[in-house]
Every structure is written in C-alpha cells, then in structure tokens.
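What follows is a single structure, written as structure tokens, with notes after it.
The values are calculated or read from the model by the stated rules, or taken from the named source; none is laboratory data. Bear in mind that the values here come from a model prediction, so they are computed numbers and not experimental data. Virtual Cβ from ideal backbone geometry, glycine too; neighbours counted across all protein chains shown.
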Amino acid sequence: MTARTLDRALLGGACLASCAAAIAFVGCHGASDTISIDRTAIELTLVKDGTLQVSEHIEFRALTDDAVFQREVRQTRVDRLTFVSATLDGRGGEDANRALRVRDGDALTVRWSLPEGSRGTAHAVDLRYIGLGAVALRESRGFLEWHVLPVAPGVGTAAAHLRLTLPAAAQELGPTGIAQAGWTVVREAHGISAQKAPVSDEPTRMIAEFSIDPQAIAMPAWQTAQDQRSEFALAFVSGALFVLVTGAGVIWIVWFQHPRIRVPAGHDLDGPSLTAELTAALQRPPVRWTTRAGRVERLELERSGLLDPDRVDTARGLRIGGHAVAVFGLGCAVVSGLVLERYDWWAQLVPASILIVAAMLLVAARRLGVFTERGERTRAIARSGAGGDRSAPRS
C-alpha cells in the first residue's frame, strides 16, 4: 500500500467514524400498512413513587391476509419499560399468545401475528405495562412527559381517548395536558382526559407538572445521566478545543520553521545537469520523498542540492504522526462509545477533535515543501516542460 493510499484510507476512516458517532443514537422504523386502527384508549396512572402504570385498549382492522399488529413504545424519559400482560380479543392464555412476541427493557415491542386469512377482520388488543422512573424531579416538583401516540410508526387512529390520573395528594403546578394542538382536554378530580378524532401518525405527548413528596420518590437514572451530560458538556467542548488548538499550534510551529519557498521569476538557474529520470522525479508529489519508495532518487536529489534532508524528515514525521494520531483517535472513539455512553455524543467530541488533528497533520505533511530554493526552481522548470533549459523564462 502506497503512502497516498494509506493517507486517503485513514482520512476516509476518520470521516466515517465521525459520521458513525454523530448517528450512534438515531434509529429508523418503517411504517406498517397491514392494519388500520379504529379506536385507541390509553390510561396513564401515576403512583407516588414515580412509577407509571399504563393500560391500552386498541381496536384495529386487518388489511391483509398476513396482517401483523405491532405496538412499539419508545420513551426517552424513563428508566425501564416492563411488560405486564396482553390479550387479543379478550382472550389470554395459549390460544391468544401463541403468535405473541414481546421485548421490553429500554423499549417495549409487542408483536402479534394474526392467523392466515384475517383480511377485513376486526380485533381488539388490551396491553398493560409499567414505566419505572418516569417522573423528573426539581425540588418539590415532578414533571411527566410521555409519548402516547402513534401506536405504530406511520399508523394513525380514527379516534383516541387519553386519560392521566395523578396521585391523590398531588397538586397541579404547571401545564398539564396534551402538548399538541387539536385535543379536547377535560379536567378531572386527579388528572385530565383528552379526546380527538381522527388522529394522524404524528407524535403526541402528554405532559404534566405537579407536586411530589421528595421522601417517597427518588431521582430516576435517566435524569441523573441527563444532568451529568449538561454538567460535563463544557468539559468535553473545552477538551476538544484544547486538542484542536494544540494540533494547530504544532503545525504552525513547523510551518514557521520551514516556510514555503517562493520561486522568483526571471532568475538564472545554476546547478548540475539532471538525468531524465530525476527530471521526471521532480514532478512527483513531495510526499513521495518521505517514504521508502523514493529512497534512491531522494539520495540523488540530496547530493545534487535540490532536496532538503531536514524538510524531508519533518514531513515524514508529520505523516507518521498523522497515522498514529488517527489510530489513537479511532481507539478513543470506540472506548468513549463503550465507557461514556451515558454522555451521548458529547463524549465523542474529543475523539472527533483528535481525528481532525490527524487529518490536519496528514494534509500538512503533503503540503510541506521538501525542496531547497534551487530545487524549487528546477522543479518549476521541469513541470513547465523546460527541463532542458539552463535558465528560467524571463518576463
């Protein structure tokens, strides 16, 4: 593998790694077109310890012979979703659950495969599950934000009825209702109820702000992680800036010590005659002289006074340093993704800055001039096709 190929591979890997860190926490879900939902009723009951009990009744109609009902619950403000029970058309047990697949934890997915030939048939699903740590805390206030709809990605419902019941001792202290417009909200003794028909497949959130008993409820783990992300965000930003400034400083010092040599026009060229091979070699990228491939030609050019050994060594150091820093940055990105996952993409700022510095070093290695002043003149003439002349063209 040539130096140019290796440089391009590392630069490409750095870009891919940065893109992968930026999208590590983004998911995509396809829309379902095998069912239509006629009615959805969701009841949220909040317990004083911060646990949210959810009961859902969903009436749907199969549109295909191999219809599949799938309920996906994905919440960002909850510690864990725990499945309790599910029935199809009021039946539980082996007959109803033989085609049931459930996965809970960070998200809850309930998938029900209907029997063959179900096109046009109407069904009803009753689902119960629990959300642990669903209430955010700020002193003596509790905050609830729960995504209730859509039932499945890309599927709306003809009519929806939502209800939220707060603990008996809780008092509403702020906005409580549906975050989206168009809902009819009714105040109840210990909460609210809301209705709307029809409801599109756009996300619908239920929110509430109320008083809590600090002795009866603990701060959820997701909020602790969120607070830590906010506290350490500036630390990650400052660390990334420090790495970038350090890398830029190193490159500036190198360029200050080895400034670019400008070839003045109209000066005579005095120097040894060059073979056709060396004349052709002068037209190659300077990065070639930092690798083993051009060792023989490099020594010949150095003896001719056209190549600066100190500049060659400096460019080689930049290239090797860029490769080493790129490998180190990729390793840091992997370790940060595994160990600092709770800080989301903030933890990837420092690895990303390291990869940027690696790219800067590789670019600097390619652009650093390795020729002497006489070498730059000879190279300019050789590249212009006047390698046989003994003087540069005059203006």
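Couple of notes before you dig in:
- Restricting Gly191, Gly247 to those that are surrounded by 14 or more Cβ atoms within 10 Å (Cβ to Cβ), within 30 Å of Ala326 (Cα to Cα) and modelled with pLDDT of 90 or more reduces the list to Gly247.
- Every condition in (1) at pLDDT 95 or above; (2) under 34 Å from the mean Cα position of the chain (by Cα) is met by Ala107 except one, and the failing one is (1).
- Some residue of region 173-184 being within 26 Å of Phe60 (Cα to Cα), in contact (Cβ under 8 Å) with a residue 60 or more places away in the chain and part of a strand (DSSP E or B): no
- Every residue from region 161-182 that is over 21 Å from Ile212 (Cα atoms) and at pLDDT below 95: Ala179, Gln180, Ala181, Gly182
- Some residue of region 357-366 being basic (Lys, Arg), touching a residue at least 12 places away in the same chain (Cβ under 8 Å), within 30 Å of Pro309 (Cα to Cα) and surrounded by fewer than 23 Cβ atoms within 10 Å (Cβ to Cβ): yes
- The set of residues in region 160-172 that are farther than 19 Å from Arg39 by Cβ, touching a Leu at 6+ places or on another chain (Cβ under 8 Å) and in contact (Cβ under 8 Å) with a residue 60 or more places away in the chain comprises Thr165, Leu166, Pro167, Ala170.
- Scan of region 51-92 for residues that are farther than 22 Å from Ala159 by Cα, in contact with a strand residue (DSSP E or B) (Cβ under 9 Å, 6 or more places away or on another chain) and modelled with pLDDT under 90, ordered by number: Asp66, Thr76, Gly92
- Any chance Thr157 is of a type in the set (S, T, N, Q), touching a Lys or Arg at 6+ places or on another chain (Cβ under 8 Å), crowded, with 18+ Cβ neighbours inside 10 Å and within 20 Å of Ile37 (Cα to Cα): yes
- Here region 306-343 is the region considered, the condition is being part of a helix (DSSP H, G or I) and charged (D, E, K, R), and the residue that is surrounded by the fewest Cβ atoms within 10 Å (Cβ to Cβ) is Asp310.
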